[in-house]
1. Report, by residue number, each residue of the stretch 201-244 that is in a loop (DSSP other than H, G, I, E, B) and closer than 15 Å to Asp263 by Cβ.
2. The conditions are (1) out of contact with any Phe, Trp or Tyr (no Cβ under 7 Å at 6 or more places or on another chain); (2) within 26 Å of Val202 (Cα to Cα), and Pro120 fails exactly one of them. Which is it?
3. With respect to the numbered conditions (1) in contact (Cβ under 8 Å) with a residue 40 or more places away in the chain; (2) among the small types (Gly, Ala, Ser); (3) part of a helix (DSSP H, G or I), which one is the sole condition not fulfilled by Ser47?
4. Pick from the stretch 141-157 the residues that are closer than 16 Å to Glu208 by Cα and in contact with a Leu (Cβ under 8 Å, 6 or more places away or on another chain): which of them is surrounded by the fewest Cβ atoms within 10 Å (Cβ to Cβ)?
5. If you go through the stretch 35-42 one residue at a time, do you hit one that is under 24 Å from the mean Cα position of the chain (by Cα), over 23 Å from Val153 (Cβ atoms) and of a type in the set (Gly, Ala, Ser)?
6. Which residue out of Asp263, Asp294, Asp281 is at pLDDT 95 or above, surrounded by fewer than 19 Cβ atoms within 10 Å (Cβ to Cβ), over 25 Å from Glu208 (Cβ atoms) and in the same structural domain as Glu216 (by TED's automatic domain parsing)?
7. So is Val123 in contact with a Ser or Thr (Cβ under 9 Å, 6 or more places away or on another chain) and farther than 30 Å from Arg10 by Cβ or not?
Amino acid sequence: MTMTLGQLARKIGATVVGDGEARVSACAAIHLAGPTDLTFLANPKYSEFLQTTKAAAVIVDPKTQCPNHLNKLTADDPYYAFRNAMIELHGMRRHPMAMNNTGSTVHPTARIGEGTIVHPHAVVEAGARIGRSCVLYPGVYVAQDAVIGNECVLYPNVVIYDRCILGDRVTIHANTVIGQDGFGYATHEGSHHKIPQTGIVVVEDDVEMGAGCAIERAAVGQTRIGKGTKLADLISIGHGTTVGKHCLFVSLVGVSGSVEIGDYVALGGQVGVVGHLKIGDGVQAAARTAIAQDVPAGLKVGGVPAVPLAQFHRNLLAGMELYELVKRVRKLERELEKVKAIESESV
């Protein structure tokens with residue numbers, strides 16, 4: 001839709017500096033925006049584009065200086081304000097109605113809430129319960145006695161194993177699996193013997209998971225993903241692990257079994273976590289960190305194995321000079337050998 005900057009500012013809680021009657025119809029990146037686009041600046045790295053952007057307006061922090069010709073909307077949190085502007089101008093994704101009422105398989109004992117859309121080729125097994133206003137895309141499989149809350153969206157080929165529980169407003173993207181057997185085996189006399197995985201997975205309210213994630217059920221008890229946590233693509237959570245509230249995991253994170261992760265933890269891409277550890281509230285781990293021991297609350301870590309982030313940066317800088325350091329050491333070793341040879345001849 002199209003609206004004036006003044007109208008938009010009132011909706012997103014921003015202040016107009018410039019022409020409040022200028023109209024915007026879409027959002028765009030600062031270096032690509034055109035005369036009817038709204039853009040934003042939250043990262044100083046892109047400040048140079050303030051001089052060249054063709055956007056109708058930019059959302060910025062109140063302290064940010066912009067060229068005089070550029071309209072701006074000031075907000076204390078520009079990125080969040082831009083998110084709200086995206087909703088006003090573009091809206092959220094709209095889910096299509098099922099093409100027809102045939103082709104899905106819903107067991108007679110399953111319960112489907114009012115307004116829920118079950119697309120063709122979705123399967124809902126015996127005893128499963130699905131809440132109101134959900135969307136099950138083609139290929140979704142909901143196993144026996146699984147429970148799904150209200151306003152959940154399961155994209156194509158999502159699998160919810162038996163007895164697993166999803167809260168309200170959970171979004172799960174294509175090809176993610178919730179509740180497959182955990183990786184549990186007892187090795188005896190040279191063979192690996194499967195341990196029955198009798199637990200479940202519980203996913204709390206407002207969780208979103210990307211494509212291709214795998215959340216193992218617990219051997220006993222629960223694997224739990226806390227309220228508001230967001231997982232990117234291709235993430236594996238081991239059996240019996242507990243992830244706290246409002247965590248952020250970037251793609252390719254792998255967490256082993258029986259790990260306790262606190263609230264507001266952020267794990268960068270390809271972070272790996274060894275089993276049976278405790279990671280405190282607010283921990284942040286840089287990309288490709290290997291966490292092999294407990295991490296206390298609030299600590300920022302990086303490296304293999306994980307060390308405090310400042311130490312990781314020093315190690316990284318030292319490693320960049322490693323070849324030159326090796327050459328210097330070898331030169332010193334040759335000089336030392338010469339000195340030893342001279343000393344031995346003089347004895």
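The values are calculated or read from the model by the stated rules, or taken from the named source; none is laboratory data. Model, not experiment: these values are computed from the prediction. Every residue, glycine among them, receives a Cβ derived from its backbone with ideal geometry; neighbour counts consider all protein chains shown.
1. Glu204, Asp205, Asp206, Val207, Gly226, Lys227, Gly228, Thr229, Thr241, Gly244
2. So Pro120 meets the others, but not (2).
3. Unmet condition: (1).
4. Gly149
5. Yes, that holds for at least one residue.
6. On inspection, the qualifying residue turns out to be Asp294.
7. Yes.
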